[in-house]
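All remarks here apply to the structure that follows.
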Amino acid sequence: MAGLLSRERTIAPPGFNRWLVPPAALAIHLSIGMAYGLSVFWLPLSKAIGVTQSAPDDWKVTQLNFTFSVAIFFLGSSAAAFGAWLEKVGPRRAGVTAAFCWAGGFLVSAIGIKLHQIALLWLGLGVIGGCGLGLGYISPVSTLIKWFPDRRGLATGLAIMGFGGGAMIGAPLADRLMKHFATPTSVGVYETFLVLAGVYFVAMLAGAFGYRVPAPGWKPAGWTPPATAASAMVTTRNVHVATAWKTPQFWALWGVLLLNVSAGIGVLSLASPMIQEIFGGRLIGLDLPLAQLSEAQKKDVASIAAGFTGLLSLANIFGRLGWASLSDRLGRRRTYMIFFVLGAILYALVPTAGHLGSTVLFVGIFVLILTMYGGGFSTIPAYLADMFGTSFVGAIHGRLLTSWSVAGLLGPFVITNIRQFQLDRGVPAAEAYGTTMYILAGFLVLGFCCNLMVRPVSEDRFMREEAPAAGAAGGR
């Protein structure tokens, strides 16, 4: 097995079609992308004991949503810890490890639900599953950037577009499975987790064994690296990973990703409960708050909310590919300027959409926000490759994803705790999200400032003109 997973076994033969690699990345990222659809489980699990309504011993949505925060924290932490290891052993071994962690996380969480032990849910999908997220997320990035040096933005969009679309498939599937397995004594989540563990394990193994890396010195036929000016924001040289994280450019980009992600991830973590609580019966043509609906009506509303979560996932996936590809023309810095300016305006408009009762405006705002949220993720590896070169981009990207770890705690903390604070003060559930949206808009304003700080890397930071292997040992 060790030989089968070795990097040498993944080196592509001459004449290999590079377009066969993106589907392998897609199989893994569509699987781990269900992380964005986990909110579909929170309301059912908040009634795991009471089944039809929450019992005194049932978990609160705030407790359940903490699972998502833990998962994102360990995504960034594991990506940073194992980024250099990935560059050494190759994407196949990392992909197989990710499959065991992600599927294993669902299994451990299923046990936690069966025993009603929230700590096992946090351990399963949070810690173990989060490590699977980190390894699965970074496994295709450096690989596809090396396969597509002529189109870095497209490459990174192809590498991680599936992560934004995983909930588009997973959330509706989970909703159907929960309804299928639901009984008078069970909400059906335990059984659904077992099924998803098996499905994702098979899909991720298929993707891992589909990975190939280009042979040393390979480049696309007829392509010549462009000559760039010394002051340009794109380099053809390389900065070692041990040096890159000490530069001001790295930390400016760390702040850029942190603030962009914090704004979007808070919304995604509560997407399903948010639209249900804001619009309630209006989603099914009834002018009634959610609390006054019958159980059958609440199930119809939940199905629509699952569809909303899936739609946001669709926007996320198209944004990852579309904005990253567009950044090849606009430039990475200018693309992020658009994200921050337009995003801040849209977040500030969300409370207005809620007060007007316009589901069309509300959904439209979040669809556009999610395209830019996804675009921010897919554009950042190309931004890093432009600034620091491609030789260590996987390891540098892994370290930068620690900002995602912080954002995974910050964003959901802001939206869930302010929501709960508002509810405790007697504010109706439909109005409990307004203040949060203005705070998230403020995050994007700060992100705009961080992006202004990005400048070309100093000449003394680049490695000497020598093989990357020598640089890996610490040379510059």
Inset, instruction - Take each of the peptides 101-109, 411-419, average the number of other beta-carbon atoms within 10 Å over its residues, and list them starting from the highest. - result: 101-109, 411-419
Legend entry - Student exercise, the chain dipole from Lys, Arg, Asp, Glu Cβ charges, in Debye to nearest 20: 1100
Legend entry - Top positive-direction residue, dipole computed over the chain with Cβ charges, set Ala182, Phe279, Gly375: Gly375
Legend entry - Folded to 0 to 90 degrees: helix 129-138 orientation relative to the chain principal axis, Cα: 40
Inset, instruction - Would you please state which residues of region 355-398 a label at Glu459 would reach in this model, taking the label point 7 Å out along Cα→Cβ and a backbone N cut-off of under 19 Å? - result: 387-389
Legend entry - Lysine pairs meeting the criterion (Cα under 26 Å, 8 or more apart or interchain), as found in the chain: 19
Inset, instruction - Arrange the peptides 353-363, 81-91 so that the one whose residues have, on average, the most other Cβ atoms within 10 Å appears first. - result: 81-91, 353-363
Inset, instruction - Can you tell me the 0 to 90 degree angle between the C-alpha axis of helix 359-388 and the longest principal axis of the chain, rounded to 10? - result: 20
Legend entry - Dipole of the chain, positive end: most advanced residue of Leu384, Ala98, Leu401 [Cβ charges, Cα centre]: Leu384
Legend entry - Burial ranking of peptide ranges 182-188, 341-347, 235-241 (average Cβ count within 10 Å, highest at the top): 235-241, 341-347, 182-188
Legend entry - Sum of -39500 (n - 2.57) over DSSP H runs of 4+, divided by residues of the chain (222 nm, nearest 500): -22500 deg cm²/dmol
Inset, instruction - Could you check how much of the accessible area of region 172-270 is carbon and sulfur, as a whole percent, using a 1.4 Å probe? - result: 67
Legend entry - Nearest 10 degrees, 0 to 90: helix 61-89 Cα axis against the chain principal axis: 10
Legend entry - From the coordinates shown, Rg and Dmax of the Cα atoms in Å corresponds to which of [x] 25.9, 86; [y] 22.2, 70; [z] 24.9, 85: [y]
Inset, instruction - Please sort by residue number the chymotrypsin sites (Phe, Trp or Tyr not before Pro) in region 292-342 whose DSSP state is loop and whose Cβ has at most 14 other Cβ atoms within 10 Å. - result: none
Legend entry - Between region 385-445 and region 119-152, the Cα center-to-center distance that results, in Å: 19
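The values are calculated or read from the model by the stated rules, or taken from the named source; none is laboratory data. Remember, it's a predicted structure, so these values are computed and weren't measured experimentally. Glycine also receives a Cβ, built like all others from the backbone with ideal geometry; neighbour counts cover every protein chain displayed. When the accessible area is computed, the model is the full protein with side chains, heavy atoms only, and any ligands, DNA or RNA have been set aside. Shrake-Rupley method; radii C 1.70, N 1.55, O 1.52, S 1.80 Å.
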